[in-house]
């Protein structure tokens, strides 16, 4: 069995560990940050962690009413022209905590006197040492190059921080139910494994999600690219309708991430349009109407609140990427040309 498979199935356990270990500390951090005051957030991240940041952009804006900007690290490291950060909370998200450009964003924020916070899996990393406040992911060693458990722990860390900033214990109760939900979703593996062989010769596809699950579309597309070498492009339905939909023809593969929530109706309408155009639909959803549109329906056996659905909806995508990698005859633990830690400036 591969490391990747093991780590996908470790997720319920590591999420439970993170929630248990960090909630009280996160409440203390949130209280301190709220006392210091800030008007907006800037989040620096790369790769999979950048998709977690995209989730945070929706989460903190919707639930905490803070404008959120994603940092442009090259302004700090290459151009030497960092923006003014007065009034910001500057956050860095990194699995390893080693990427110099993410670290530099927080270092510059510190020089400007703004509060900084790191979400990382490595307590002794440069990012953790640079930040004033640290939330650890408690994911344990991740040996597979493709990130899975570190991604979902980052999402949960962000959800915990959002609940703590709002002093909302009710939202914390919803987060505590996530490990059990993931246990149920992992039971999809047999169905996903059967479906993977159908897509063995696929070399391109699109992945579509909206709202909180815009991040999920990016993360599933990345897993397909780095593991199966499929040219998988992520879109929101709105962006896809503005031109890219022209690529859809008979048999063109489209993955729709469409759990229950406010954007569900929009996703369902797009699914109907794509089926009329002959698209080969893979649908991740808990809703019968959406699943009925699919050639390959991946039913979410448990529904969670929409703001937490990226944590559950990404898991079928992880399983699909893993089993499709095996179907194509590739090594899921050692994607070609990639390393576990990528250092960018």
- Go through the stretch 262-284 and give me each residue that's closer than 19 Å to residue 308 by Cα and out of contact with any helix residue (DSSP H, G or I) (no Cβ under 9 Å at 6 or more places or on another chain). 265
- Taking the condition in the same structural domain as residue 33 (by TED's automatic domain parsing) and either over 19 Å from residue 51 (Cβ atoms) or at pLDDT 95 or above (or both), does residue 99 pass? no
- Taking the stretch 70-90 and the residues there that are under 27 Å from residue 152 (Cβ atoms) and in contact with a helix residue (DSSP H, G or I) (Cβ under 8 Å, 6 or more places away or on another chain), the one that is surrounded by the fewest Cβ atoms within 10 Å (Cβ to Cβ) would be 70
- For the stretch 173-185, which residues satisfy the criterion of being in a helix (DSSP H, G or I) and surrounded by fewer than 18 Cβ atoms within 10 Å (Cβ to Cβ)? 173, 174, 176, 180, 183, 184
- Task: Kindly provide the set of residues from the stretch 16-74 that are at positive phi and either in contact (Cβ under 8 Å) with a residue 60 or more places away in the chain or assigned to a helix (DSSP H, G or I) (or both), ordered by number.
- Result: 47
- Of the residues 332, 297, 316, which is surrounded by 17 or more Cβ atoms within 10 Å (Cβ to Cβ) and not assigned by TED's automatic domain parsing to the domain that holds residue 231? 332
- Could you tell me whether residue 310 is in a helix (DSSP H, G or I), in the same structural domain as residue 206 (by TED's automatic domain parsing) and at pLDDT 95 or above? yes
- Query: Can you name every residue in the stretch 99-157 that is touching a strand residue (DSSP E or B) at 6+ places or on another chain (Cβ under 9 Å), over 18 Å from residue 46 (Cβ atoms) and assigned to a loop (DSSP other than H, G, I, E, B)?
  - Reply: 112, 114, 115, 123, 132
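The values are calculated or read from the model by the stated rules, or taken from the named source; none is laboratory data. Since we're looking at a predicted model, the values are computed, not measured. Cβ atoms come from the backbone with ideal geometry, glycine included; neighbour counts cover every protein chain shown.
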